[in-house]
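Heads up, the thing below is written out as structure tokens.
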Amino acid sequence: MARKTLGLLSLMTGLASLIIVHAYGESVPVTTPFSSGRGDHFHEKVRQMQEFKASFSRRDLAAAATPGYAPAPSPQVTSGPRVYGVISYGADPTGKSDSTEAILKALSDAFNGPREGSLIEGIANLGGAEIHLEGGNYLISKPLRLPDAGVGNLVIHGGTLRASDDFPTDGYLIDLSASKSSSSYNYEYITLKDLMFDSNYRGGAVSVINSLRTSIDNCYIAHFTSNGILVQSGHETYIRNSFLGQHITAGGDPGERNFTGTAINLMGNDNAVTDVVIFSAAVGIMVSGQANTFSGVHCYNKATGFGGTGIYLKLPGNTQTRVVNSYMDYTGIVAEDPVQLHISSSFFLGDAFIVLKSINGVAKGVNIVDNLFSGKNNGVEIVKLDQSNGAFKQIDQVFVDRNTVQGMNTRATVARASMQGNGTSWTVDFSSILLFPNLIKHVQYSFSASGSSFPNHALRNVSENRVVIESDVAVPASVFVAVDQGVTS
């Protein structure tokens, strides 16, 4: 308070001095700037200002000496550190000794640290508290968990976590789970970024259980045996700008046939995976939740020829998934009973293809459009049907078209063809291109006859994906036919 008073006094003194000098300057004639009368008046004003200043100093000293005086409380309701450097807790950044307890203590202090209101009901706001790994490489012997559920707005970043040789094989290095929670969710707005996870072939790297708005950004995840990242229940986990692989390789690995594990396992709704590379795993992304989005994903985790799958959509009848601008590199996509599935603007290399797998025979609202497929002329179809569990029987609004194909066999639900002949019957066979067998729902054709006759003609038969057009008289004619398998609505 004394400093504030002195600061105010100095400001007022300075302003008063400026006023006096300015007034003096205006009143003194230019030809006699230092006349004696004006000088006496000036010195008198300076003396008065010095006495005025001294009176403020006396008042300030008297206030400071008054018994029982206390400064007004600060309006800030929280205090204390918001960045918890784990080295100061005893964590070993060289990775030689176990740092589990030290990092758990930092997590505990952040959990119990200053709070600023709440996020969603039941989730306390930690105000952006940071667990800073300070560029270290830390040995971890058991999963790192927060003491309890019910907090959010926390960041863990800036280092490497490595599983010890006795780390539990069913555990995760960072485990965002809780036995109970007063909220509908365990956590909200937890951010993991700029981290490397080395699971040491013992379990997984990150589990996010029933959490809301979790961000996993710029992470490198390796040597997992179960899941690199597991997301179960909750909403809106965003995984971006990250690299995942069971084995550290860049393709052509001699052990590729033996790759296991799943890089990302999404068992929840409304999540997004963007700009992510998956370079080794039996399954790149396993999806059993609805309304998930994948963009800019590059999967070369395990070639389809070796039994691998890039993206597996395992939620028959309720897919609601979008895959766009992605790169399926020698590994493809499998969708069980797809309903509301969109795959577009993606590149499939090395005979990678899409499988629609029948579980209950349902395929509705499927768009596979505007993709690039490149193969090695092995006769591989760009889209295949797996009807080992039964044929597809409910097919509606399935649209496969406008894909650019090189070195593979085109499959589509829309096809066009023309033929010429001289006779009374023209048969156009679409069985080599149409996706579903023995299914043509719509036919359009044009009939152009040469010569002077005007024959009658009609569509006579549609079966086994063949269209037969007949005329009542023999004429030379050209026939153009367009067919559609997938649109009924």
The stretch 221-253, subset out of contact with any Asp or Glu (no Cβ under 9 Å at 6 or more places or on another chain) and among the hydroxyl-bearing types (Ser, Thr, Tyr), residue surrounded by the most Cβ atoms within 10 Å (Cβ to Cβ): Thr225
Condition met for Ile221 (of a type outside the set (Phe, Trp, Tyr) and touching a Phe, Trp or Tyr at 6+ places or on another chain (Cβ under 6 Å)): yes
Test: residue in the stretch 198-211 that is of a type in the set (Val, Ile, Thr) and buried (at least 24 other Cβ atoms within 10 Å of the Cβ): yes
Which listed residue is touching a helix residue (DSSP H, G or I) at 6+ places or on another chain (Cβ under 6 Å) and on the phi < 0 side of the Ramachandran plot, from Ile131, Ile156: Ile131
The stretch 368-389, residues that are among the small types (Gly, Ala, Ser) and not in a strand (DSSP E or B): Gly375, Gly379, Ser388
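Residue by residue, here is whether (1) in contact (Cβ under 8 Å) with a residue 60 or more places away in the chain; (2) under 30 Å from Ala449 (Cα atoms); (3) not basic (Lys, Arg) holds:
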position	(1), (2), (3)
Val380	no, no, yes
Val383	no, no, yes
Phe392	no, no, yes
Asp396	yes, no, yes
Asn403	no, no, yes
Gln406	no, no, yes
Asn409	no, no, yes
Ala415	yes, yes, yes
Tally of residues being more than 25 Å from Ile209 (Cβ to Cβ) and in contact with a Gly (Cβ under 6 Å, 6 or more places away or on another chain) across the stretch 243-279: 1
Which numbered condition Ala335 misses (of (1) surrounded by 22 or more Cβ atoms within 10 Å (Cβ to Cβ); (2) of a type in the set (A, V, I, L, M); (3) closer than 23 Å to Phe224 by Cβ): (3)
Boolean, Gly365 is more than 22 Å from Gln406 (Cβ to Cβ) and in a strand (DSSP E or B): yes
Hits in the stretch 97-140 - residues which are among the β-branched types (Val, Ile, Thr), touching a Ser or Thr at 6+ places or on another chain (Cβ under 6 Å) and part of a strand (DSSP E or B): Ile140
Test for Gly255: is it of a type outside the set (D, E, K, R), in contact with a Phe, Trp or Tyr (Cβ under 9 Å, 6 or more places away or on another chain) and assigned by TED's automatic domain parsing to the domain that holds Tyr312: no
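The values are calculated or read from the model by the stated rules, or taken from the named source; none is laboratory data. This structure is a prediction, so every number in the text was calculated from the model and none was measured. Glycine gets a Cβ as well: all are built from the backbone with ideal geometry, and neighbour counts include every protein chain shown.
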